[in-house]
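Encoded as structure tokens, the structure appears first; notes follow it.
The values are calculated or read from the model by the stated rules, or taken from the named source; none is laboratory data. Worth saying up front: this structure is predicted, and the values here are computed from it rather than measured. Cβ coordinates were reconstructed from backbone atoms using ideal geometry, including for glycine residues, and neighbour counts include every protein chain displayed.
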Amino acid sequence: MLRIFKVFALALLLAPLAAAQESERGKSLTVEGNLARTVEAGGWLVNTGSTKYLILNAQRFRGEAWFREGTAVVAEGETKPDVMTSHQEGVPFEARTMRPRSQDAAGGGGGSRSTTRVTVMGEALVESRPDTAVIQLAVVTQNASATEAQAQNASLTEAVVRAVRAAAGAGAEVETSGYSLQPQYAYKEGAPPTITSYVARNAVTVTTGELNRVGPVIDAAGRAGANSVDSLSFTLRRDEQPRDRALADATREALRKARVMAEALGGRVARIVEAQESGTVRPPIPIPMQREMRMADMSAAQTPVEIGTLEVRSQVQLVAEIEMR
């Protein structure tokens, strides 16, 4: 009799444990409720009112037009009690299928409605005056002796740097941007090439925000010994305002297109699902200044420089959700 009692008591003790183990196993079920976001970033759950089911594979359904907060859905799947999440908000649930509970995906009950998505592109162009000039000059010397070519070049370059610093003003940036020493060859048929001379080249770059000084800088460099102007270009360092204007105009243009498409489809723009922006600044074609500076240039009038405009371009792509009436 005592033995029977002990067996009965042991069974009573093991019963709750067996029940707990059974409850830990996954269950297949159908869940009906409203979509809601979780406290975890990017997380979604189905709130039935009495229970929350954390959707483990929400990314599978994110591309659907009806998948948004508040939509009433029906989901079939299986609970995953063994899955651990950061905040353990709701019962882990892996959905095999999910669909809106009614045609009105917003759950508003205002009649049968459907939604579709459209992708539109807006583009805007804003012209702006450049605020910075970049001048590339060079001193080129040639001599039968490499040492002499280098020495002559160093003397002339030093004079050119002093001259352009004075002409460009205190705020200008003047720096050496390249140096080379190249042998020059003479070629005769049937004989190896022979070196006839050496050419030393020292490039100087001047960057200035005082655009009215560009011509005087070029002239001062020529008088001091620079004999090549490699390039002259303009840029926009302070581009926040024109970029913002172009971005705003492009966004308005994309939204206008979305509204036109919605009206043509017999609906309205319900919301903007996604927005992407890309912007570029396209400078004008550099002024063709590449030339050798001869002695005749030194007595000529000041070098004329016509400053063009920069085009600040912005493109915006919107993905809009259209609610059909």
Residues of segment 92-103 being at pLDDT below 90 and over 14 Å from L35 (Cα atoms), which ones? Q103
If you go through segment 182-207 one residue at a time, how many are within 45 Å of the chain's Cα centre (by Cα), more than 16 Å from S231 (Cβ to Cβ) and surrounded by 15 or more Cβ atoms within 10 Å (Cβ to Cβ)? 2
Every residue in segment 212-240 that is closer than 23 Å to Q142 by Cβ and either acidic (D, E) or within 40 Å of the chain's Cα centre (by Cα) (or both), please. I218, A221, S228, V229, D230, S231
Being closer than 28 Å to E306 by Cβ, in the same structural domain as L156 (by TED's automatic domain parsing) and aliphatic (A, V, I, L, M), is that true of even one residue in segment 188-204? yes
I need a count of the residues in segment 208-258 that are among the β-branched types (V, I, T) and surrounded by fewer than 20 Cβ atoms within 10 Å (Cβ to Cβ). 2
Note on segment 30-49: residues free of Cβ contacts under 8 Å to residues at least 40 places away in the same chain and either within 14 Å of T79 (Cα to Cα) or out of contact with any Gly (no Cβ under 9 Å at 6 or more places or on another chain) (or both) are A41, G42, W44
Quick count over segment 139-184, residues being within 28 Å of I195 (Cβ to Cβ) and outside any helix (DSSP H, G or I), is 16
How about segment 37-54: which of its residues are surrounded by 19 or more Cβ atoms within 10 Å (Cβ to Cβ) and more than 32 Å from the chain's Cα centre (by Cα)? L45, V46, Y53, L54
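Residues are listed down the side, and each one gets a yes or a no for (1) free of Cβ contacts under 8 Å to residues at least 40 places away in the same chain; (2) over 21 Å from L232 (Cα atoms); (3) in contact with a Ser or Thr (Cβ under 8 Å, 6 or more places away or on another chain); (4) of a type outside the set (S, T, Y):
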site	(1), (2), (3), (4)
A133	no, no, yes, yes
A149	no, yes, yes, yes
N153	no, yes, yes, yes
A163	no, no, no, yes
A166	no, no, no, yes
P183	yes, yes, yes, yes
A186	yes, yes, yes, yes
P193	yes, yes, no, yes
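Filter segment 192-208 for residues that are of a type in the set (V, I, T) and touching a Pro at 6+ places or on another chain (Cβ under 9 Å); which is nearest to P130 (Cα to Cα)?
The initial filter retains those residues of segment 192-208 that are of a type in the set (V, I, T), namely 194-196, 199, 204-208.
Keeping just the survivors that are touching a Pro at 6+ places or on another chain (Cβ under 9 Å) gives 195-196, 199.
Details: I195: 46, T196: 45, V199: 36 Å.
Result: V199.
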